[in-house]
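The values are calculated or read from the model by the stated rules, or taken from the named source; none is laboratory data. What you see is a predicted model; the values in this text were computed from it and never measured. Every residue, glycine among them, receives a Cβ derived from its backbone with ideal geometry; neighbour counts consider all protein chains shown. Just the protein is used for accessible areas: all its heavy atoms, side chains included, with ligands, DNA and RNA removed. Shrake-Rupley method; radii C 1.70, N 1.55, O 1.52, S 1.80 Å.
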Amino acid sequence: MGLPTADDYLPGHGDRSFSVRHYDLELTYAVETNRLEGRATLEVEVLESTDRLVLDLAHLSPQKVRVAPGRPSERGPRRRTAPATKVGLKKFSTRSHRLVLALDDEAEPGTRLTVTVGYSGHPKPLVTRHLGDAGWEELTDGVIVAAQPHGSPTWFPCNDRPDDKATYRLALTVTAGYRVEANGELAKHTRRGSSETWVWEQKQPMATYLATVQVGRYRDWRLPGKPASGVPVKVVAGDLDRAAFGDAFGRQHEMVDVFEEHFGPYPFDSYRVVVTDDDLEIPLESQTLSTFGRNLVRGDWDATRLIAHELAHQWFGNAVTLRDWKDIWLHEGFACYSEWVWSEASGGPTAAQQAARYYGGLEEKPEDLLLVDPGPDLMFDDRVYKRGALTLHALRVEVGDKRFFAMLRAWVKDFAGASVTTEDFLAHASKETGVNASVLLRPWLHETDLPPFPQ
């Protein structure tokens with residue numbers, strides 16, 4: 001029997017026969033030797049009748065695996081009351097970066113199981129033909145986890161599909177002197193001898209690709225002011241030039257204010273930025289935090305727009321998450337447009353001026369990209385970002401600022417914690433603005449030719 005694939009853009013990842021409701025990860029990591037030892041406890045609900053569960057786990061070796069009756073989900077029943085079950089583990093095996101759990105009986109929909117996996121090894125990025133490398137990666141002195149879209153299996157066993165959101169608890173023990181940053185809120189920090197343990201809890205549902213760990217010799221950097229809403233905002237980094245830090249992040253609180261005004265309340269409890277001592281080619285999106293290389297600690301537009309872009313992902317991509325990777329424009333197009341919103345609000349070129357600038361760039365590129373289904377080779381192509389942003393600008397021009405931004409605020413409010421499709425957005429936009437968004441935006445979404453500039 002072949003192994004399941006949940007999304008055509010990510011072959012060999014994900015299993016739609018079950019969902020993980022909660023991950024509890026107990027990890028120990030030796031920075032000096034890049035050795036990871038872990039125990040992952042997954043609270044699982046079966047969605048389709050099955051006699052096996054297939055988890056994603058790459059480059060790490062499972063030693064002990066257990067399947068037992070599960071406890072009721074803290075997030076409440078999803079479909080119906082779970083039936084009584086005595087389903088357990090018959091055997092486990094590994095195949096092609098997958099951990100296959102053969103059950104000793106068929107599990108019916110609604111069955112809840114607790115899966116415990118003990119594992120260890122030397123984590124490293126997972127490389128795919130279409131998408132390159134992603135996952136756990138050593139820095140000069142620490143660790144970065146860039147999981148989008150396929151890197152989560154490099155550090156914990158998971159059901160790696162973007163529509164399978166779960167809550168998380170992560171306890172990571174590292175060599176004393178290193179700081180651990182992860183998703184959610186810091187619940188506990190203790191030191192014992194030559195090691196320190198950091199416990200993080202993400203209580204809002206999160207897709208696997210947004211789960212992250214950052215390990216380094218970091219400290220807090222003070223930001224001027226605070227958002228009007230009081231959302232805690234923090235930057236952690238090693239040694240930086242103070243003037244460059246101010247140029248890069250001195251208006252971070254204002255940026256939060258602008259996005260809350262336009263998109264609605266910040267969707268999580270806090271926001272953090274991690275600046276690594278290493279240079280990074282691109283910044284990294286994760287739920288409740290973003291990661292930048294020290295090469296982006298500067299105040300020019302190319303750096304500023306990326307700071308805005310990653311912050312905007314907390315609304316578009318993290319709170320509201322795509323169901324299938326083909327709809328990546330719902331993340332990147334929205335975050336790109338947020339760059340233009342910040343430019344306009346902060347005294348730079350207006351969104352219309354930015355749209356005209358980037359439209360000119362698209363005119364010089366091949367017109368062979370279908371925005372609603374670009375394919376895995378092009379899902380992170382810059383045209384997805386810019387054409388996606390222009391799609392939103394076309395809607396804004398048609399309906400006006402008041403209805404447009406009211407629609408975006410309602411989008412986040414109504415779908416926070418959910419997994420969505422382009423069709424969901426078009427239906428929502430039509431309802432909120434009174435304009436048939438499916439007809440208006442069809443040339444931008446469903447045709448390859450570049451439509452006329454919206455004005």
| field | Subset of 226/413; 64/91; 234/413; 165/413; 402/431 violating a 19 Å alpha-carbon distance limit | value | 226/413; 234/413
| field | Rg/Rg_globular for region 315-384, with Rg_globular taken as 2.2 N^0.38 Å and Rg from C-alpha atoms | value | 1.20
| task | Only bridges with both residues in the chain count here: give the DSSP antiparallel percent, nearest 5. | result | 80 percent
| message | Give me the tail of P(r) for region 1-156 as a percent: Cα-Cα pairs with distance above 29 Å. | response | 19 percent
| said: Within 14 Å, Cβ to Cβ, of residue 122, how many net charges do the neighbouring residues add up to if Lys/Arg are +1 and Asp/Glu are -1? | reply: -2
| query | Averaged per residue, what accessible area in Å² does the chain show with a 1.4 Å probe, protein chains only? | reply | 40 Å²
| field | Over the chain: Rg over Rh, Cα atoms, Kirkwood Rh | value | 0.97
| What is the sum of charges around residue 107, taking Lys and Arg as +1, Asp and Glu as -1, for the other residues whose C-beta is under 11 Å from the C-beta of residue 107? | -4
| said: Quick check: at a probe of 1.4 Å, how many percent of the accessible area of region 83-191 sits on carbon and sulfur atoms? | reply: 46 percent
| said: Relative contact order of the chain, please, whole-number percent, based on alpha carbon pairs below 8 angstrom and at least 6 residues apart. | reply: 12 percent
| request: Could you state, as a whole-number percent, how many of the C-alpha pairs of region 197-297 are farther apart than 25 Å? | output: 20 percent
| note | Residue-normalised 222 nm signal for the chain, counting each DSSP H run of n ≥ 4 as -39,500 (n - 2.57), nearest 500 deg cm²/dmol, is -8000 deg cm²/dmol
| message | Going Cα to Cα from residue 124, which aspartates and glutamates come in below 14 Å? Please leave out same-chain ones fewer than 8 positions away. | response | 37, 133, 137, 138
| Under 12 Å Cα-Cα from residue 86, which aspartates and glutamates qualify once same-chain neighbours fewer than 8 residues away are excluded? | 104, 105, 106, 108
| task | Work out the charge dipole of the chain with +1 on the Cβ of Lys and Arg and -1 on the Cβ of Asp and Glu about the Cα centre, then indicate which of 240, 87, 58 is farthest towards its positive end. | result | 87
